[in-house]
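The values are calculated or read from the model by the stated rules, or taken from the named source; none is laboratory data. Keep in mind it's a predicted model, so treat the numbers as computed, not measured. Cβ sites come from the backbone with ideal geometry, for glycine too, and all protein chains shown count toward neighbours. Keep in mind that these areas ignore ligands, DNA and RNA; they rest on the heavy atoms of the full protein, side chains included. Shrake-Rupley method; radii C 1.70, N 1.55, O 1.52, S 1.80 Å.
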Amino acid sequence: MESILTLLHRVSELRVERKLLLELLHTCAGLRRRRGVAPALLTLLHHKLDLSCSSAMDLFGQEKTVLSLSFGDCRVISAAIQEADGDTELILHDCHVEDEGIEELFHVLHRIHMSFGKPLLLQLLHLIFVEDCDRSVRLASLLSRALEKKVDLSHSPLDSRACSTLALVLEHSEGLSELDLSDCQLTDTQLDVLLPHLHKVQVLNLCNNEITDKGAVKLNLYMIGNSFTETVWLSSNMITEFDILLADNRYKLWPAHVEPGWHDQRVTSLGSTAVTNETSKKKTLIEEFDPDKTITDKITYRFQCGSRGRFQCRATGLVFGMRGAGIVEYSVVHWDRDILANTSYEPAGPLFQLRSPEGHMYQLHLPHCEVKVSAAENLLVAHICRKNREFLIPKVTHSHVIVSISGLSNYGKARKKQSNSNRIQGQVLLFLEPEATPEEQRLWVFLLPRDMPPDQASGTDRAVGMGLVGFSLLLFTYYTIWVIILPFVDSDHVVHQYFLPREYSVILPGIAALILLLCVGTFIGVVTRKNRKPKVD
């Protein structure tokens with residue numbers, strides 16, 4: 001190696017594999033008496049020390065492996081950089097560096113431009129955070145100048161220690177073109193540490209974290225008046241209130257692969273809560289799915305999600321907020337009237353039974369059909385578990401009520417009992433009777449509230465309705481033959497044995513009418529008695 005280094009003055013350009021480069025640097029360190037060897041080597045390498053896997057691939061075609069750099073390796077690298085005539089580019093992708101080695105590189109942070117992978121950057125952030133505040137500030141300042149303009153920490157969980165150091169780096173940075181913090185498990189608390197310095201980032205990616213409405217409001221406050229930041233990605237967080245974000249085109253609330261232009265949907269409002277219209281909401285923020293159905297005595301829906309996010313069922317309109325992959329099973333069940341018997345509330349929609357074995361559901365959106373703002377704002381969500389109940393106060397949009405949930409059982413909307421009826425949004429279901437004659441077609445029309453799943457009507461309700469219609473037609477046909485046609489048939493004909501004597505055709509309807517009048521009178525009497533106010537002396 002020494003003989004090669006002594007002939008460097010005859011070489012115009014040099015390319016070397018990373019392990020051989022380390023050997024050359026160690027040899028340079030052993031030739032301290034011959035000054036100028038290390039600067040000459042760095043000049044031939046165009047002031048770039050590339051210890052990434054790409055240099056090894058060029059020569060040997062081996063699979064990518066991680067190169068471990070010891071304290072001694074980092075010491076000779078640091079010595080060579082200190083002797084160099086100018087700044088040096090240090091590439092450490094696919095490298096693992098001991099903590100002592102990183103401490104050695106701290107001495108030359110002011111002389112290098114660094115490029116490395118996420119694990120090494122995370123390691124640097126943790127090592128810079130020490131009790132000595134002055135040292136942390138100095139190293140963070142040096143690291144901010146050594147880093148590239150694009151910093152990628154995606155899919156790297158950040159704790160409070162790493163966030164504090166990153167905040168120091170941003171504070172002393174002149175500005176980053178891009179900062180990717182997606183899938184970093186950032187909470188509102190960790191975001192608070194970074195907020196004062198995020199205005200120095202041109203493109204900020206905060207997707208797939210745990211930022212809530214509280215964090216989004218604070219972020220927006222820091223972005224007001226900030227002209228440097230151009231784009232903030234915020235999709236797949238725990239944000240439900242989008243009104244302040246939709247007013248600023250810099251916020252991107254849908255995944256990056258979504259077709260552009262969908263964010264230009266109109267904004268509508270309900271009361272004091274501004275929300276996107278239904279089309280925008282479905283396309284930009286929520287992924288729709290068709291559930292698997294199992295039909296027994298009731299319809300059971302099943303959905304399996306492969307990642308975190310918000311997912312809307314096309315069959316029921318329900319929206320599930322999921323923290324991670326899991327299975328959700330749900331069905332419409334009957335309200336137990338005893339649950340609300342001693343309250344001033346009544347059901348305001350179907351009751352859903354929810355099950356999720358993994359327990360990853362944190363939010364539930366229940367569709368509502370209210371037209372008036374006042375009626376929608378009076379809705380509550382009843383959480384029912386066995387014979388116990390609780391009423392949750394939801395956030396209300398123009399189409400859904402939203403609650404955060406921690407346990408799964410039965411959820412449904414409730415409202416205060418009303419003496420008068422309100423207008424609601426509805427849906428019309430049309431069914432063409434298949435057994436009608438070609439000359440005569442029958443079209444059945446069903447009116448349902450908007451929040452009732454249509455297949456519930458097309459299943460049980462439709463079967464009951466068709467059964468009642470069929471029974472009525474059968475009864476009408478039987479009575480018509482009995483009263484009108486049978487008198488013209490010979491009395492000894494066999495068909496007479498299937499009918500009662502003709503006098504019953506008058507007696508039976510009379511008895512039925514008497515019973516009907518008795519029931520109506522009883523009902524009117526009970527209602528009148530309940531509504532009668534007591535006299536005041």
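Quick notes on this structure:
- There is at least one residue in the range 209-217 that is in contact with a strand residue (DSSP E or B) (Cβ under 9 Å, 6 or more places away or on another chain), in a loop (DSSP other than H, G, I, E, B) and either modelled with pLDDT under 90 or not β-branched (V, I, T) (or both).
- Among the candidates D338, D290, D297, residue that is out of contact with any strand residue (DSSP E or B) (no Cβ under 6 Å at 6 or more places or on another chain), loosely packed, with under 14 Cβ neighbours inside 10 Å and modelled with pLDDT of 85 or more: D290
- Screening R135, R75 for residues that are open to solvent by 70 Å² or more (accessible area, probe 1.4 Å) and either of a type in the set (D, E, K, R) or within 37 Å of the chain's Cα centre (by Cα) (or both) leaves exactly one candidate, R75.
- Applying the set (1) touching a Lys or Arg at 6+ places or on another chain (Cβ under 7 Å); (2) touching a residue at least 60 places away in the same chain (Cβ under 8 Å) to V333 leaves exactly one unmet item: (1).
- For the range 1-46, taking the residues that are farther than 19 Å from I112 by Cβ and small (G, A, S), the one that is modelled with the lowest pLDDT is identified as S3.
- Residue within the range 260-272 that is modelled with pLDDT of 80 or more and open to solvent by less than 60 Å² (accessible area, probe 1.4 Å) present: no
- Complete set of residues in the range 300-331 that are open to solvent by 30 Å² or more (accessible area, probe 1.4 Å), assigned to a strand (DSSP E or B) and out of contact with any Asp or Glu (no Cβ under 9 Å at 6 or more places or on another chain): E329
- Against the conditions (1) in contact (Cβ under 8 Å) with a residue 40 or more places away in the chain; (2) farther than 23 Å from I405 by Cα; (3) surrounded by 14 or more Cβ atoms within 10 Å (Cβ to Cβ), L198 satisfies every one except (1).
- When L447, L380 are screened for being open to solvent by less than 50 Å² (accessible area, probe 1.4 Å) and modelled with pLDDT of 75 or more, only L380 passes.
- Of all residues in the range 383-420 being surrounded by fewer than 19 Cβ atoms within 10 Å (Cβ to Cβ) and of a type in the set (K, R), the one that is farthest from the chain's Cα centre (by Cα): K417
- Condition check for H107: farther than 23 Å from K19 by Cβ, at pLDDT 85 or above and open to solvent by 70 Å² or more (accessible area, probe 1.4 Å): yes
- Output for the range 97-137, where each listed residue is closer than 22 Å to L51 by Cα and either among the basic types (K, R) or not in a helix (DSSP H, G or I) (or both): V97, E98, R111, I112, H113, M114, S115, F116, G117, K118
- In the range 468-497, the residues that are free of Cβ contacts under 8 Å to residues at least 24 places away in the same chain form Cβ pairs under 7 Å with partners that are open to solvent by less than 100 Å² (accessible area, probe 1.4 Å) and not in a helix (DSSP H, G or I), at six or more places apart or across chains, as follows: W482/F499; L486/F499; V495/V489.
- Screening T240, T229 for residues that are within 27 Å of S404 (Cα to Cα), part of a loop (DSSP other than H, G, I, E, B) and among the β-branched types (V, I, T) leaves exactly one candidate, T240.
- Extreme residue, least open to solvent (accessible area, probe 1.4 Å), among residues of the range 473-528 that are of a type outside the set (A, V, I, L, M, F, W, C) and not in a helix (DSSP H, G or I): P501
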